[in-house]
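One structure below.
The values are calculated or read from the model by the stated rules, or taken from the named source; none is laboratory data. Since the model is a prediction, treat every value here as computed from it, not as a measurement. Note that each Cβ is placed from the backbone with ideal geometry, even for glycine, and that neighbours are counted across all protein chains shown.
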Amino acid sequence: MKGNKHLITTAIAYGNASPHIGHAFEFVTADTLSRFHRLIGGDVYFITGMDEHGQKIERKAKEQNIPVQEFVDIYAKSFIDLDAKLSVVYDFFVRTSDKAKHYQGAQHLWKKLVDAKTIEKRSYKALYCVGCEEFKTEKDLNEKGECPLHLVKPEIVEEENYFFTLSQFTDKIKEKISSDELKIYPESRKNEIMALLERGLGDVSFSRPKSKVTWGIPVPEDDTQVMYVWCDALSNYLTAIGYGTEHFDKDLWVNTTHIIGKDILRFHAAIWPAMLLAADLPLPKRILVHGFITSHGQKMSKTLGNVIDPQELLQMFDSPAGELAGEALRFILLHEVPSFEDGDVTMETIRASYTAHLANGIGNLTSRIMKMAISNAVRSKMSDVRSKIQIQEYDTNGSLKKVMSEMRLLDEYIATNEPFKVIKVDMERGKEMIVYCLVRLEQIVEDLSIFMPKTSAKILECIRENKMPEKPLFGRLA
Ligand SMILES: [Zn+2]
């Protein structure tokens, strides 16, 4: 049965580096929510992708002497590969360098904004940080006048730009967000964006001269300019579902959930809604804003040497978990990082979580119950167990923790009641208890399926075919 259409999106990653652990977290969160909404009958379309234009990429490709399209292809592949390993299954992978699918829609949106008289050409002199690909004002800089993120002085740029008249939308956006017509999760992020709107929005530069940046989408009817990131990248959410063509799925668009990091809240909760209002399009329904992943309480950085690389974790899990290595990482991210706040992980906490919840938890419990069932010739009644999983307020982390506490209860039930001993003195009672364990395990594993789809399928196969896993599902870490 197909229910409500629902578009679920991740932010599109900037195509100049391989995915970091924060990307991995966002992907598995979005995938889990997609699986959940499908499970409860939603007709979900899940998109992710890459933001591949701009000066930063153009310069880096040039430095490395690689044609810029090849340069972004390399990184797109690294994201696609990671998604596959993490059981992240999307319906479409958007790439903003995709001329066939993306350019036309982005240019269509631009023209709508021109028609609405929200785009104007102005002469512009400002500070610009190439690292951020963003214009800066004095108050954005540190005491040395540097970009606080890149620790370099921004360039002074004077050029002709198109501007988007964002300021005129301040009140309308305020109304949409305060009424929750566009709902921001969590409440603290809603308050943050409301405070920003209270101060008022300024107009934003919306294009760059082609003399400075060539790697971008041409501005319609102006050969001298390419689009700046706003219309080029944010439009991916529309072009992925056919905007600008006769195939645009507006029914899908009206129920959209954006999943983003806290650093791009302003883009998604101020600039993007204004663009949509100007183009006479509905706003997304909700924006879920997650935090950053720190390690030992600090932002991960090469200088601090505390970077935890998803590829390294996959390698670490490869030998003990085999084909479930990606699901081990998926579990760690979903279980150890809160849905909406910053989360801290270290190699120690990751190893401890793997051992407690996967090796000693899911893996061990499955082996134990299947061994009891097989050695006592007890089979599950093949009940029609269906997942009863709930996700309250989009809190995937809270939901997974509940499943894990059910699992612990089952473990305790076995430890306390010892069905393997009972069956030796009271066959009927012992069998009943083992059947109970099988049915409980089946329920828990059904509930686990949105978080760990392959693991869940493997355990269900063991229950239904009455067999042991060929080897421990999650072996010991070296
Ligand atoms: Zn910067």
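Okay, residues lined up against (1) hydroxyl-bearing (S, T, Y); (2) more than 16 Å from the ligand (Cβ to nearest atom):
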| residue | (1), (2) |
| --- | --- |
| E143 | no, no |
| Y162 | yes, yes |
| D171 | no, yes |
| I177 | no, yes |
| L201 | no, yes |
| S205 | yes, no |
| W215 | no, yes |
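The rows are residues; the columns are (1) assigned by TED's automatic domain parsing to the domain that holds P186; (2) within 18 Å of the chain's Cα centre (by Cα).
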{"residue": "Y228", "(1), (2)": "yes, no"}
{"residue": "V254", "(1), (2)": "yes, no"}
{"residue": "L265", "(1), (2)": "yes, yes"}
{"residue": "A270", "(1), (2)": "yes, no"}
{"residue": "M275", "(1), (2)": "yes, no"}
{"residue": "I287", "(1), (2)": "yes, yes"}
{"residue": "G322", "(1), (2)": "no, no"}
{"residue": "A325", "(1), (2)": "no, no"}
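Looking at H102, H108, just one residue is within 27 Å of H6 (Cβ to Cβ), surrounded by 17 or more Cβ atoms within 10 Å (Cβ to Cβ) and more than 26 Å from the chain's Cα centre (by Cα), and that residue is H108. For region 1-22, the tally of residues that are under 23 Å from Q392 (Cα atoms) and not in a loop (DSSP other than H, G, I, E, B) stands at 7. So, of the residues in region 144-186 that are β-branched (V, I, T) and outside any loop (DSSP other than H, G, I, E, B), which turns out to be surrounded by the fewest Cβ atoms within 10 Å (Cβ to Cβ)? Taking the candidates together, the pick is I156. Is region 116-134 home to any residue that is of a type in the set (D, E), in contact (Cβ under 8 Å) with a residue 12 or more places away in the chain and away from the ligand (no atom under 16 Å from the Cβ)? Checked against the condition, which is being of a type in the set (D, E), in contact (Cβ under 8 Å) with a residue 12 or more places away in the chain and away from the ligand (no atom under 16 Å from the Cβ), region 116-134 yields at least one hit. Checked against the criteria, I308 counts as touching a residue at least 12 places away in the same chain (Cβ under 8 Å), outside the structural domain of F206 (by TED's automatic domain parsing) and assigned to a loop (DSSP other than H, G, I, E, B).
Number of residues in region 315-334 that are within 17 Å of G398 (Cα to Cα), crowded, with 24+ Cβ neighbours inside 10 Å and out of contact with any His (no Cβ under 9 Å at 6 or more places or on another chain): the value is 2.
Within region 36-119, which helices (runs of 4 or more DSSP H) (wholly inside it) include 3 or more residues that are out of contact with any Ser or Thr (no Cβ under 7 Å at 6 or more places or on another chain) and of a type in the set (A, V, I, L, M, F, W, C)? Correct list: 68-85, 104-115. Yes or no: R59 within 16 Å of the ligand (Cβ to nearest atom) and either aliphatic (A, V, I, L, M) or surrounded by fewer than 18 Cβ atoms within 10 Å (Cβ to Cβ) (or both)? Here the answer is yes, as R59 does meet what is asked. When only residues in region 285-308 that are within 21 Å of P186 (Cα to Cα) and out of contact with any helix residue (DSSP H, G or I) (no Cβ under 9 Å at 6 or more places or on another chain) count, which is surrounded by the most Cβ atoms within 10 Å (Cβ to Cβ)? The residue in question is K285.
The listed residues are V337, V385, and the only one of them that is touching a residue at least 12 places away in the same chain (Cβ under 8 Å) and buried (at least 21 other Cβ atoms within 10 Å of the Cβ) turns out to be V337. Residues of region 68-90 that are among the aliphatic types (A, V, I, L, M), under 25 Å from I217 (Cβ atoms) and within 15 Å of the chain's Cα centre (by Cα): I80 alone.
Listed by first and then second residue, the pairs linking a residue in region 140-154 that is in contact (Cβ under 8 Å) with a residue 24 or more places away in the chain to a residue that is more than 8 Å from the ligand (Cβ to nearest atom), with Cβ atoms under 6 Å apart and 6 or more places separating them unless they lie on different chains, are P154/L127; P154/Y128. Spot the failing condition for F206; the list is (1) more than 23 Å from the chain's Cα centre (by Cα); (2) touching a residue at least 40 places away in the same chain (Cβ under 8 Å); (3) more than 25 Å from E138 (Cα to Cα), and only one is missed. Against the list (1) more than 23 Å from the chain's Cα centre (by Cα); (2) touching a residue at least 40 places away in the same chain (Cβ under 8 Å); (3) more than 25 Å from E138 (Cα to Cα), F206 comes up short only on (3). Criterion first (assigned by TED's automatic domain parsing to the domain that holds G343, out of contact with any Phe, Trp or Tyr (no Cβ under 6 Å at 6 or more places or on another chain) and crowded, with 19+ Cβ neighbours inside 10 Å) does I434 satisfy it? Answer is yes for this residue.
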